[in-house]
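The values are calculated or read from the model by the stated rules, or taken from the named source; none is laboratory data. Because the structure is a prediction, the values reported are computed rather than measured. When the accessible area is computed, the model is the full protein with side chains, heavy atoms only, and any ligands, DNA or RNA have been set aside. Shrake-Rupley method; radii C 1.70, N 1.55, O 1.52, S 1.80 Å.
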Amino acid sequence: MMEFWLISVPLDKISCQSLEKLKRVSAKTGLATSSRIHIPELKVGTLDVLLGVSDDLSRLDSYTEGVMRQTSQCLGEVMEEFSGKLLESMLANGVDLATYVTSFQWDRAKYPTAQPLKTLSDIISKQVSQVDTELKSRRAAYSHVKASIQSFERKTEGSLQTCALTNIVKKEDLVLNSEYLTTLLVVVPRMAYALWEKTYESMSKFVVPRSSRLLAEDADAGIFTVTLFKNVIAEFKTNARKHKFTVREYNLDEAEKQKQEIGRLAVDKKELYRTFVCWLKVNFSEIFVAWIHIKVLRTFIESVLRYGLPVSFQAILLQPTKKSKQLRQQLNSLFKHLDPAVATGKPDVGLDIPDGNTNQQEYYSYICYPVKIHLVDPS
C-alpha cells in the first residue's frame with residue numbers, strides 16, 4: 001500500500017514559511033517525501049454550487065475507489081491464472097502509479113477547466129459508471145466460460161466408476177460400424193484383475209477371445225475393453241455385476257461433441273483472456289486517473305470553502321513514511337495558526353476530514369485539507 005497526503009495551505013506569509021519548514025524537516029527527519037502538485041484554475045461558481053459539488057465528490061470518491069479496486073482485483077485474478085506480471089500492468093497513463101501521482105498534470109482534454117465544477121464531476125461520474133457496468137458484464141462472461149471449462153474438467157476427475165471417459169477412450173479402442181460386434185468398457189477392481197482375466201470370456205456366449213485390454217487405471221480400479229456380439233450384451237452385464245464388475249455406458253458421438261465443446265471453450269477463454277486483460281489494463285488506468293482528479297477537485301473546492309476568494313492557495317503532496325503520527329504532529333504544530341480557535345480565541349471547532357481509506361471522518365486541529373490516497377500495491 002502506498003499512501004499520499006494531498007495538502008493545501010493559503011498563500012499568506014506564515015503559511016508559506018511553514019510549508020518550506022515542513023519540506024526541510026520532513027526531508028531531514030525522514031517523516032515524508034514531498035513534491036509540489038499543480039492545481040489548475042477552475043470555475044468556482046456560487047457557494048451553493050461548491051457545497052453541492054463537495055458532497056457529490058465525496059460520494060463519487062468512494063464509488064470510484066471501489067470500482068478501481070474491483071478492476072485491479074479482477075486483473076490480478078485473471079493474470080495470476082495465466083502467470084502474468086501484474087506489476088507491469090498496474091499503470092496510469094503508461095507510468096507506474098507513484099510516478100503518475102507525484103508528477104500529476106491536470107488532463108485538460110478529458111476534463112476541460114473551462115467547464116463548471118458540477119460538469120467536471122458529472123463527466124467523471126458518467127465515466128466511472130460506464131466502466132463499472134462494463135466490468136460486471138465482461139467479468140460475468142469470462143467467469144461463465146471459466147466455470148464451463150471447470151465443470152468439464154471436474155467430470156474427468158474422480159474414480160473410474162464415475163468420471164467422464166472422454167479423455168481415456170479413443171476411437172481405435174472400440175469396434176465401430178459393425179452390424180454384429182460391439183465393445184464394452186468394464187471397470188474392474190485392482191484386486192480382481194486375475195479374476196477378470198479368467199472369467200470375462202465365459203460371462204456370455206460370443207465374447208471374442210483375448211479381446212480384453214487395459215485402457216487406464218487409478219488407485220482402486222482399472223478400465224478394460226471387451227469385444228462381444230451385440231445380442232449378448234444384457235447377459236454379459238448381468239454376469240459382470242455378479243463379480244462386482246461395472247460396465248460403463250459410453251457414447252462415442254457424445255464424447256466427440258464434448259471434446260469439440262471443450263476445445264471451443266478453451267479457444268473462447270484464450271480470446272476472452274486476451275481482450276479482457278487488455279480492457280482491464282486500459283480501464284484501470286482510466287479509473288485511477290479519474291480518481292486522482294477527484295482528489296484534486298476536492299482539494300480545490302475545500303480550499304476555496306476554507307480560505308475564501310479570490311482563490312489563493314498552494315498544494316503539496318506528501319508521501320509519509322511509517323512515522324505518520326509524528327508527521328501529523330508536525331503539521332499540527334506548523335499550521336496551528338490556521339486554526340480558528342487560535343485566530344479568534346474561541347473554542348476549537350476543528351475540521352472533519354474524510355479519510356481516503358475508510359471513508360470515516362478523522363479530526364485534525366489544523367485547517368489544511370489532507371487527502372489520503374490509498375493505492376493498491378501490485379506487488
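Once you've got the Cα coordinates, tell me which of Lys257/Lys281; Lys110/Lys295; Lys155/Lys281; Lys126/Lys269; Lys281/Lys323; Lys230/Lys257 are over 26 Å apart. Can you show the working numbers first?
Details: Lys257/Lys281 36 Å; Lys110/Lys295 16 Å; Lys155/Lys281 34 Å; Lys126/Lys269 30 Å; Lys281/Lys323 33 Å; Lys230/Lys257 24 Å.
Check vs 26 Å cut-off fails for Lys257/Lys281; Lys155/Lys281; Lys126/Lys269; Lys281/Lys323.
If I compute solvent accessible area with a 1.4 Å probe over the protein chains, what percent of it on the stretch 102-247 is carbon and sulfur? Summing carbon and sulfur atoms, their accessible area is 52 percent of the total for the stretch 102-247.
Residues whose amide H lies under 5 Å from that of Gly222, counting only those 5 or more places away or on a different chain, are Val188, Arg190; hydrogens are built 1.01 Å from N in the peptide plane. Normalised by residue count, the chain yields a Cα convex hull volume of 202 Å³ per residue. Using only alpha-carbon positions in the stretch 37-180, the gyration tensor eigenvalues give semi-axes of 54, 17, 13 Å once each is multiplied by 5 and square-rooted (largest first).
For the stretch 215-326, rounded, prolate or oblate, judged on the Cα gyration tensor with a ≥ b ≥ c (square roots of eigenvalues), a/c < 1.5 rounded, else prolate if a/b > b/c? Cα axes put the stretch 215-326 in the prolate bin. Here the Karplus relation 6.51 cos²θ - 1.76 cosθ + 1.60, evaluated at θ = phi - 60°, turns the backbone of the stretch 291-307 into coupling constants of 4, 5, 5, 4, 4, 5, 4, 5, 5, 4, 5, 5, 5, 5, 4, 7, 9 Hz, with x for every Gly and Pro. In the context of the full set of protein chains, residues of the chain present 53 Å² of accessible surface per residue (probe radius 1.4 Å, heavy atoms only).
Determine the share of the stretch 1-80's accessible area contributed by carbon and sulfur atoms, expressed in whole percent, with a 1.4 angstrom probe. C and S fraction of accessible area: 55 percent.
One decimal place: the segment Gln329-Arg248 gains 21.6 nm when fully extended, by the rule 0.36 nm per residue minus the C-alpha distance. Sequence neighbours fewer than 8 away in the same chain don't count; with that in mind, list the lysines whose C-alpha is under 21 Å from Lys325. Excluding near neighbours in sequence, the set is Lys21, Lys23, Lys28, Lys336, Lys372. Under a 5 Å amide H cut-off, with hydrogens placed 1.01 Å from N, Phe4 pairs with Ile373 among residues at least 5 apart or on other chains.
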